Amino acid sequence: MKKELLLIFGTSADPIHTGHVQLIIDAVRALEKRDIRVREVMMMPVFRHHNIRDAIKRSLPLTFQHRFEICELAAAELCEKLSCQVSVSSFERHLVETKNRPNFTAETMEALRATTDMDISLGFLIGADSFSGTEPGFQHWYRWQDLLKTTTLVISPREGFLPNYDYLRKLEEMGGNLIYLSELQVLDVSSSNLRNRIIAGEDPDDLVKEGLLSPAIAGYIYEKNLSETWRQLDSQTVVQVINEEVLMQDPIEVQVGKLLFEKKLTLGLAESCTGGLIGHLMTNVPGSSEYFIGSIVSYAYQAKVKLLGVSWDTLRQYGAVSSETVLEMARGARKAFDSDLALSVSCIAGPGGGTPSKPVGTSWLGFSTKDGDSSYLFHFEGSRVEVKEQLAHQALQVLLNYLKKLD
């Protein structure tokens, strides 16, 4: 009995061109010759990318629907040429919207494995460029070891990139299932190049005549006026601050942002006395939308209860400025934003409101993570504004210390 495979073609290409279609056809036929039956090809457009170095990657969520519909046109063409089922999946979009951050291939395959017939193997079609050179890019993929456990890597050649065969053997020795389709002749066509030609004014039909686009996809590009959409999106300036190395001279909010982005973690806030100051600092960093979900400014008791789920009993027994309250605030923020991490703050900023047991400057910080929750007590001096600024800075310092300790 032949092995059966669900072959995943994940792509951020915009637009899909004939090279992609032919690659899938040739890959399915090459696998058949290896006695591996492809039961289904699943085209999966990427919804959001962790690499934001260019405007195209940053705009993926904005172009998703168009890319999805173009994939459907390509799938219809594939169905005419292949005997297996061909589908287009919005699975990536669902996962991203659930987690509030970019999704990664290992996570996609893990989630897909949990929802797919165990009798069928998962295959991921990937270019040889990820396995090329002395430092193959694949070894920097998020949770690549887990990907080896769930997925057969179906590797296609790519012009100018020879696989590192020693590295491939190493992955196989680790238990990875790799299939290198060395016999494929892959068309060297760039979606970005086609896109730029169309933006520059070329008629999509000219690309059809060159055999680069299908008539259906060219018609879609013309009908939806994608050249104008692309022109507007591609003209956006991309600031790469959070992609850069963490430096000691960076402001603390920049250090925190770079580490959150690097470690693929998201943050939510619950602020009381600081009134949104921590959120202000976080959003001073270009690209912070990649990891900062939002802040709930819950100044009054009612806001803490209604927006964060803080118990009235907790507030009556311990007061707003307490360990118990900031812990409930942090947990509430992490739940509300579905974030990996959450910080909360509450303080007596002054000049009034202090008591013998809680003098002006008394400040509590709550921190909630998947590994547990903690609270911190601080006593600050100075004016109302100075107390708020010190607490906001200390909150970021607690977060920075935590991030630095993570592997």
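The values are calculated or read from the model by the stated rules, or taken from the named source; none is laboratory data. Only a predicted model underlies this, so the values are computations on that prediction, with no experimental measurement involved. As a convention, Cβ positions derive from the backbone with ideal geometry for all residues, glycine included, and neighbour counts pool all protein chains shown.
Descriptive notes on the structure:
- For the stretch 196-217, a residue qualifies if it is assigned to a helix (DSSP H, G or I) and either among the aliphatic types (A, V, I, L, M) or farther than 21 Å from GLU72 by Cβ (or both), and the qualifying residues are ASN196, ARG197, ILE198, ILE199, ASP206, LEU207, VAL208, LYS209, ALA216, ILE217.
- Only listed residue being without any contact (Cβ under 8 Å) to a residue 24 or more places away in the chain and of a type in the set (A, V, I, L, M), chosen from ALA74, ALA30, ALA111, ALA106: ALA111
- Per the conditions (1) under 21 Å from the mean Cα position of the chain (by Cα); (2) buried (at least 17 other Cβ atoms within 10 Å of the Cβ); (3) more than 21 Å from VAL189 (Cα to Cα), the sole criterion not satisfied by LEU62 is (2).
- Per this entry, PHE138 is counted among residues that are crowded, with 16+ Cβ neighbours inside 10 Å, among the aromatic types (Phe, Trp, Tyr) and assigned to a helix (DSSP H, G or I).
- Hits in the stretch 132-149 (condition: among the charged types (D, E, K, R) and farther than 17 Å from LEU162 by Cβ): ARG143, ASP146, LYS149
- The C-beta contact set for the stretch 362-380 (first residue in contact (Cβ under 8 Å) with a residue 24 or more places away in the chain, second residue in a loop (DSSP other than H, G, I, E, B) and among the acidic types (Asp, Glu), distance under 9 angstrom, 6+ apart or interchain) comprises THR369/ASP340; LYS370/ASP340.
- Flag if LEU153 is surrounded by 13 or more Cβ atoms within 10 Å (Cβ to Cβ) and either assigned by TED's automatic domain parsing to the domain that holds THR105 or under 24 Å from GLU4 (Cα atoms) (or both): yes
- Filter pass, ASP54 being at pLDDT below 95 and farther than 25 Å from ILE120 by Cα: yes
- Of residues in the stretch 139-168 being in contact (Cβ under 8 Å) with a residue 24 or more places away in the chain and aromatic (Phe, Trp, Tyr), the one farthest from ALA27 (Cα to Cα): TYR142
- Some residue of the stretch 263-281 being modelled with pLDDT under 95 and in contact with a Gly (Cβ under 9 Å, 6 or more places away or on another chain): no
- Positions within the stretch 152-186 being in a loop (DSSP other than H, G, I, E, B) and β-branched (Val, Ile, Thr), in sequence order: VAL186
- Each residue in the stretch 91-135 was checked for being loosely packed, with under 15 Cβ neighbours inside 10 Å and small (Gly, Ala, Ser), and 2 of them qualify.
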